[in-house]
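Engineer: Supplied in structure tokens, the structure appears directly below.
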Amino acid sequence: MQQQNFISRSVFPVVLVLAIAIISFFGYSGSQSIENDKIRAVVALIFGTTYFLSITFGPFYVYTIGYVKGSLLKERILASSLTPFLWMTKEVFRLTHSHPFLESLYWYLSPLHLWLIMFIGLELGAATLIARKILKNRGEVKIVMSPAPLIVMGVSLFLVIGAYAWGKGENLYVMFLEGYRILFGSGLS
Amino acid sequence: MKNNAKIKMNCRYILNLVGVVVITLIGFLSFGQADSAVMNQGKRPNIIFILGDNHNADFMGCAGHSFIKTPGMDRLAREGLMFTNTFNTTSLCSPSRASILTGTYAHNHGVKNNHISWTGTRKTFLEYLSEAGYSTAFIGKWHMPGGLPEMPFLDLYVSYTDHEGQGRYFNCPMIVNGEEVASRKSYITEEVTDYAIEFMENSVKTPAKDRKPFCIYLAHRPGHPPFQSPKDIRGMYDSQNISKNLPKQVDEYWFGKTDGNVFQGVMMGSYYDQYRKYCETITAMDRDIVRILDKVDELGLEDNTLVIYMGDNGMQWGTHGCHGIREPYEESIRLPFIVRAPWLIRDNSEKCDQIIANVDIAPFLLDIAGVEVPKSMDGKSLKPLLREPDGKFSDACLLEFWRYYPENTPSYTGVRTQRYKYVEFEKSRKPWLFDLKKDPKEEENIYNTPNGQKEVKRLQAIMKELKSQ
């Protein structure tokens, strides 16, 4: 398997996904000022969907491209996590408008973020198998299936479904708030 | 003979005078005749206080909502008095509930956000009523952190601690007088209403001469996410076109998941569906309000029972780009509030638009029961308004909020008058000033305008005065 240059294997897919996310964010926000109801609804639907897809499924694309183009494991994981991480950071930053910095940082551990991280685990496992299949078709690798991606997928899938099934996510949220109170009390001095 | 005639004349004069005085007194006191009759017969009124959760005041048939079915609330409004300007002084569940129970602002009762436990420093109206000889029941949602407090004065104490005190819509384990028991009915409003009905039935079993008046505090879960309703109600609003009920900017699929609204429990599914399900839970709760009213009739208590329906918070559905309860917009801070007291309300065709606050509830209930209102309470009785909805009451209501993680609203202090709303925020958010007469939808912040600046000082002075209470 031949390793392509850094820009081609990692920077390009990351920039592409990030650009879609940023354009979608502004596109969705901007849709609210469109007067025509039908056009506004269509624009909101398109940009809302691409915003969601870029954050949630972007890692799958970045990881697959990185794998096929010869990125190392660490690089693939970092590159594929970048867009979701930036989205989480945006949400953390938004909290600083109301809360102190340290408390805002705790939002990284919010159930929604944890759920996204679990889901990314599932995607990366699947991306590994697909990338290997592509490379096998090219004759660059021999094995597609191996225990590691299957275990990652299995565990992630279990956690993704479990986190939702366990009280529709409410229980996880309660635990998150308990953690907050242990660390910060009521948040008021 | 002369003396006898003089004595007769004097007697006649005195009798006439007494007659005139008596008639004058009867006329003078006629406003309170029915009330006195209720009180003097030793029949202090029973009280049923029903509390909804996150109930936007516009989501009732009687408030003009386009499709929601709330026959119970509509009946209350028809037979009682509906208040259209009732406000939550701290727009968050636990502080609001503590204010309702104690008649004090959050800066006095201390439950400033949902992370702070019940302080117990202020007595609840239930305790005062219990001391005054009432049979009292707390039934339903407590929802303040730190578990359920000891309230040994209660005759019945039914609540739950599940899900941080939020409970579950279905099969919620209950704590009845300190003992955990399984739910007897599947749906939570039916479950707690059954306890209230049993309490009423047990109360009237006592012979009339020995009977104590009762007060039931019945706090429901509906209105709070995740919105779930019983099978026969689920889906009843599926055919409604929700886009007509929401601001144009709110799209069906992504609004609830973007720009901070993901905090609010609407991560999954369509926003329109969330709206429909919310309405279904309100209708489910209303069905049990109907049961309560029917039981009051069946037991023959309607002429001597005060029935109140109120919400703990309002709820924003997409207005100003927000979903939730914490921003000081009207949809969040305005509460549904209906009072039925047949012996006090003379004209139930009117609505009362006086400014009422949740801190006024406890003093009102004590006043209704003939119990002296403690000076430590911040609110005042609105009993006079039941007779004269246009009478003088409050000019303004204090609004205060302490940041509550992870809601993205900074701490604020504000004031709501009949015409203006002024709010000062912490952190970097600029103050709000809305002229509600000209701009009822709160779309134009006039804080930085010359007219706005003229009003600010006056409103700050009112705010300061209310805050110092």
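The values are calculated or read from the model by the stated rules, or taken from the named source; none is laboratory data. Source: prediction; values computed, not measured. A quick note on method: Cβ atoms are made from the backbone with ideal geometry, for glycine too, and the neighbour counts reach across all protein chains shown. Note: areas computed on protein heavy atoms with side chains; ligands, DNA, RNA excluded. Shrake-Rupley method; radii C 1.70, N 1.55, O 1.52, S 1.80 Å.
Engineer: For chain A, what is the calculated [θ] at 222 nm in deg cm²/dmol (nearest 500), taking -39500 (n - 2.57) for each run of four or more DSSP H residues and dividing by its residue count? Numbers along the way, then the final one.
Structural biologist: Values: 8 runs with 140 residues, N = 189.
So the calculated ellipticity at 222 nm is -25000 deg cm²/dmol.
Engineer: With the solvent-accessible surface defined on protein heavy atoms using a 1.4 Å probe, which residues belonging to region B:226-252 display a reduction of at least 50 Å² in accessible area in the multichain context relative to the isolated chain?
Structural biologist: B:K248, B:Q249
Engineer: Moving to a separate point now. Calculate what fraction, in whole %, of the accessible area of region A:38-162 sits on carbon and sulfur atoms when a 1.4 Å probe is rolled over the protein chains.
Structural biologist: 82 percent
Engineer: Rounding to the nearest 20 debye, state how big the charge dipole of region A:84-189 is about its Cα centre with +1 on each Lys and Arg Cβ and -1 on each Asp and Glu Cβ. Intermediate results must be reported in sequence, preceding the final value.
Structural biologist: Working: 9 positive and 6 negative charges, 110 e Å.
Roughly 520 debye, rounded to the nearest 20.
Engineer: In Å, the Kirkwood hydrodynamic radius of region B:71-171 over pairs of distinct alpha carbons?
Structural biologist: One over the average 1/r among Cα pairs gives 15.1 Å for region B:71-171.
Engineer: Still on this structure, I have one more. When the convex hull of the Cα atoms of region B:289-379 is projected onto a plane and the area is averaged over all directions, what value comes out in nm²? Could you put the intermediate results ahead of the total?
Structural biologist: On the way: hull surface 32.2 nm².
Quarter of the Cα hull surface area: 8.0 nm².
Engineer: Could you check how many percent of all C-alpha pairs in the protein assembly as shown are farther apart than 46 Å?
Structural biologist: 28 percent
Engineer: Could you tally the net charge around A:S186, taking each other residue with its Cβ under 10 Å from the Cβ of A:S186, Lys/Arg +1 and Asp/Glu -1? Show your work: numbers first, answer last.
Structural biologist: Values: positive: A:R181, B:K112, B:R403; negative: none.
Net charge around A:S186: +3.
Engineer: Roughly how tilted is helix A:111-137, in degrees to the nearest 10 and between 0 and 90, from the longest Cα axis of chain A?
Structural biologist: 10 degrees
Engineer: Another question about this same structure. Could you sort B:D312, B:D194 by accessible area so the largest value comes first, with the probe set to 1.4 Å?
Structural biologist: So, going from the largest accessible area down, we get B:D194, B:D312.
Engineer: Run through the DSSP bridge list for region B:122-252 and note the antiparallel percent, rounded to the nearest 5.
Structural biologist: So the antiparallel bridges amount to about 40 percent of the total.
Engineer: Which one of A:M175, A:M118, A:M88 has the biggest mean-square fluctuation once chain A is modelled by GNM with Cα springs under 10 Å?
Structural biologist: A:M175
Engineer: Further question on the same structure: Search the structure for amide H atoms under 5 Å from the amide H of B:F337, placed 1.01 Å from N in the peptide plane, and list their residues when 5 or more places away or on another chain.
Structural biologist: So B:F337 has HN proximity to B:F83.
Engineer: What share of the DSSP beta bridges in chain B is antiparallel, in percent to the nearest 5?
Structural biologist: 55 percent
Engineer: How much accessible surface does B:R403 have with a 1.4 Å probe, in Å² rounded to 10?
Structural biologist: Accessible surface of B:R403 is approximately 30 Å².
Engineer: Quick one: what are the phi-derived ³J(HN,Hα) couplings along region B:434-442, Karplus 6.51/-1.76/1.60 with θ = phi - 60°, whole Hz, x for glycine and proline?
Structural biologist: 10, 8, 6, 6, 8, 9, x, 8, 6
Engineer: Same structure, new question: At 4 °C and 1.567 mPa s, what whole-number value in µm²/s does Stokes-Einstein give for the translational diffusion of chain B, with Rh from the Kirkwood sum over Cα pairs?
Structural biologist: The diffusion coefficient I find is 55 µm²/s.
Engineer: Something else now. How high is the relative contact order of region A:1-160, in percent, counting Cα pairs under 8 Å that sit 6 or more residues apart?
Structural biologist: Normalised by residue count, the contact order of region A:1-160 is 25 percent.
Engineer: Can you list residues from other chains, or at least 5 along the same chain, whose modelled amide H is less than 5 Å from the amide H of B:Q316?
Structural biologist: HN-HN under 5 Å from B:Q316: B:G324, B:I325.
Engineer: Related question: Give me Rg over Rh for region A:90-181, both radii from the alpha carbons and Rh done the Kirkwood way, two decimal places.
Structural biologist: Rg/Rh for region A:90-181 comes to 1.17.
Engineer: Please list the non-local residues whose amide H lies under 5 Å from the amide H of B:Y420, H modeled 1.01 Å from N, same-chain partners needing a gap of 5 or more.
Structural biologist: Those lying under 5 Å, H to H, from B:Y420 are B:L436.
Engineer: Okay, moving on. Between chains A and B, what is the buried accessible area summed over both chains (1.4 Å probe, protein heavy atoms, nearest 100 Å²)?
Structural biologist: Details: alone 11720 and 20900 Å², together 29240 Å².
Looking at A and B, the buried total is near 3400 Å².
Engineer: Taking only Cα atoms and a 10 Å spring cutoff, compute GNM fluctuations for chain A and point out the largest among A:P149, A:P84, A:P100.
Structural biologist: In this elastic network of chain A, the residue with the biggest mean-square fluctuation among A:P149, A:P84, A:P100 is A:P100.
Engineer: If you take every residue apart from B:L385 with its C-beta less than 13 Å away from the C-beta of B:L385, what net charge results, scoring Lys and Arg +1 and Asp and Glu -1?
Structural biologist: Numbers: positive: B:R346, B:K351, B:K380, B:K383, B:R387, B:K392; negative: B:D347, B:E350, B:D353, B:D360, B:D367, B:E388, B:D390.
Charge balance near B:L385 sits at -1.
Engineer: Let me ask another. So if the hydrodynamic radius of chain A is defined as the Kirkwood radius over C-alpha pairs, what does Stokes-Einstein give as its diffusion coefficient at 4 °C and 1.567 mPa s, in µm² per second?
Structural biologist: 70 µm²/s
Engineer: Grab the DSSP H runs of chain B that are 4 residues or longer, score each as -39,500 (n - 2.57), total them, divide by all residues and round the 222 nm result to the nearest 500 deg cm²/dmol.
Structural biologist: Working: 12 runs with 146 residues, N = 469.
Using -39500 (n - 2.57) per qualifying helix, the result is -9500 deg cm²/dmol.
Engineer: Same structure, new question: Roughly what angle does helix B:93-102 make with the longest principal axis of chain B, taking Cα atoms, 0 to 90 degrees, to the nearest 10?
Structural biologist: 10 degrees
Engineer: Could you provide, to the nearest whole Å², the per residue accessible area of region A:39-145 with probe 1.4 Å?
Structural biologist: On the way: 4990 Å² over 107 residues.
Per residue, region A:39-145 has an accessible area of 47 Å².
Engineer: A further question follows. Size of the dipole of region B:73-194 about the Cα centre, Lys and Arg at +1 and Asp and Glu at -1 on the beta carbon, nothing else charged, in debye to 20?
Structural biologist: On the way: 10 positive and 13 negative charges, 86 e Å.
For this selection, approximately 420 debye.
Engineer: Test of understanding: express the Cα radius of gyration of region B:393-450 as a ratio to 2.2 N^0.38 Å, with N the residue count.
Structural biologist: Against the empirical 2.2 N^0.38 Å value, I get 1.19 for region B:393-450.
Engineer: Quick one: P(r) of region A:1-62 from all Cα-Cα pairs, 10 Å bins, percents rounded to integers, in order of increasing distance.
Structural biologist: 23, 38, 23, 11, 4, 0
Engineer: Still on this structure, please answer the following. Could you provide, to the nearest whole Å², the per residue accessible area of chain B with probe 1.4 Å? List each step's numbers first, then the result.
Structural biologist: Numbers: 19150 Å² over 469 residues.
So chain B comes to 41 Å² accessible per residue, rounded to a whole number.
Engineer: In Å and on Cα atoms, what radius of gyration and Dmax does region B:346-469 show?
Structural biologist: 16.7, 49
Engineer: Show B:K430, B:K123 ordered by accessible area, largest first, where the area counts protein heavy atoms only and the probe is 1.4 Å.
Structural biologist: B:K430, B:K123
Engineer: In degrees, nearest 10, range 0 to 90: what is the angle between the Cα axis of helix A:58-68 and the longest Cα principal axis of chain A?
Structural biologist: The angle comes out near 20 degrees.
Engineer: GNM on chain A, C-alpha springs below 10 Å: top fluctuator among A:R132, A:R94, A:R76?
Structural biologist: Highest fluctuation among the options: A:R94.
Engineer: So what does the Cα-only Debye profile of region A:110-157 read at q = 0.27, 0.30 Å⁻¹, as log10 I(q)/I(0), no solvent term?
Structural biologist: Each listed q corresponds, in turn, to -0.88, -0.98.
Engineer: Hey, what did chain B get for relative contact order, percent, Cα under 8 Å, at least 6 apart?
Structural biologist: Normalised by residue count, the contact order of chain B is 22 percent.
Engineer: For the protein assembly as shown, give the magnitude of the charge dipole about the Cα centre (Cβ charges: +1 Lys/Arg, -1 Asp/Glu; no others), in debye to the nearest 20.
Structural biologist: 800 debye
Engineer: How much accessible surface area, in Å² rounded to 10, belongs to the heavy atoms of A:F25 with a 1.4 Å probe?
Structural biologist: Taking all protein chains as shown, A:F25 has close to 50 Å².
Engineer: Now a separate question. Counting only other chains, and only Cβ atoms inside 10 Å, what mean value do you get across the residues of B:403-415?
Structural biologist: Partner-chain Cβ atoms within 10 Å, mean over residues of B:403-415: 5.
Engineer: Let me ask something else. Which order do B:H109, B:H65, B:H320 take by accessible area at a 1.4 Å probe, largest first?
Structural biologist: The residues order as B:H320, B:H65, B:H109, largest area first.
Engineer: Next question, about the same structure. As an exercise, identify the GluC sites (Glu not before Pro) in region B:318-350 lying in DSSP coil whose Cβ has no more than 12 other Cβ atoms within 10 Å.
Structural biologist: B:E350
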